[in-house]
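Rule-based calculations on the coordinates, nothing more; no lab input. Keep in mind that this is a model prediction, so the values were computed, not measured. Ideal geometry is used to build each Cβ from the backbone, glycine not excepted, and the neighbour counts take in all protein chains shown.
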């Protein structure tokens with residue numbers, strides 16, 4: 001096990017996922033933050049932008065320059081909008097540092113699918129060919145040997161892990177799967193948007209991205225790999241008036257003859273996973289807030305023949321920064337849970 005300090009750089013360090021990375025890495029026993037960048041706040045200390053970091057991390061923010069970050073660090077976290085990583089990650093970068101991209105550019109294996117859903121050209125063919133999808137519980141062996149890791153999306157992490165055992169064991173039909181998911185407003189990012197203003201989201205709930213949300217093909221990709229056949233599903237996200245957290249309610253029709261014991265046995269695949277908690281009662285987002293856990297509860301409705309699976313995560317931790325640190329631990333030969341085993345901070 002390598003316990004040498006890992007020099008880390010973060011591009012997009014002042015966004016919600018970026019600053020969560022700073023918070024986690026600052027407390028990580030084997031990480032050393034050496035380079036932080038933010039186009040909007042270059043020249044300022046990060047603790048000026050996020051005063052909670054005073055005395056914890058006071059580095060001056062640089063411009064978003066991937067090569068400068070790669071030359072300074074062993075690992076570069078890219079917490080930037082879609083399209084940037086595909087245009088900038090190449091062999092010259094990967095020869096200097098490992099890259100963990102929190103954006104979407106390398107998550108989808110098929111460039112054409114990316115271009116269809118993200119409405120932009122993908123220019124990173126070579127890098128895409130070696131990128132590993134960084135859902136650690138499913139691909140940890142591939143992550144260990146990678147130079148480029150595509151950190152999964154938040155909705156996708158919750159949805160895939162909630163349904164994966166059922167598809168892997170062949171217990172449910174691969175058509176008719178429905179995922180009804182709710183997210184806190186931090187999932188929309190820190191940029192100023194009218195739809196994210198307090199008065200727009202408070203005391204309300206709304207669906208968005210109906211039949212068009214960009215996380216849909218990512219979920220289908222991974223569940224299709226699990227099932228061994230193509231999976232097409234219905235994914236509908238909702239915005240709810242809370243800061244952070246995702247609750248995904250997933251429905252699938254069980255195959256004839258499948259009973260509650262079969263379903264329970266399928267989820268035994270997660271026993272021993274450090275960040276998956278199989279729960280005996282319906283899960284809540286407050287019980288994962290601030291932690292890197294996925295809480296899962298399932299119930300077979302024998303009347304309808306449907307299995308109902310609830311998954312809950314913190315979208316900024318397991319859904320973004322925490323999962324990125326989990327990937328970093330694998331890349332550098334550390335125990336997967338290093339720096340991440342803090343209890344979630346449930347509050348009233």
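Here are the numbers for this structure:
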read-out	value
Taking only Cα atoms of the range 6-130, radius of gyration then Dmax in Å	14.8, 46
Ranked by how many other beta carbons lie within 10 Å on average, peptides 311-321, 335-345, 76-86 from highest	311-321, 76-86, 335-345
Relative contact order of the range 155-313, pairs being alpha-carbon contacts under 8 Å that are 6 or more residues apart, as %	31
Residue exposure sequence - 214, 253 - by fewest surrounding Cβ within 10 Å	253, 214
The chain - percent relative contact order, Cα under 8 Å, separation 6 or more	18
Of 138, 21, 166, the one that fluctuates the most in a GNM where the chain has Cα springs shorter than 10 Å	138
Relative packing of 258-267, 153-162, which averages over residues the other C-beta atoms within 10 Å, highest first	153-162, 258-267
Distance between the range 1-56 and the range 94-138 - C-alpha centres, whole angstrom	23
Virtual spin-label span in nm between residue 52 and residue 279, 7 Å along Cα→Cβ	2.1
The range 81-235: relative contact order in percent, alpha carbon pairs under 8 Å with at least 6 residues between	24
Translational D in µm²/s for the range 155-313 (Stokes-Einstein at 25 °C, 0.890 mPa s, Kirkwood Rh from C-alpha pairs)	151
Three-way shape label, the range 81-183, alpha-carbon gyration tensor, a/c 1.5	prolate
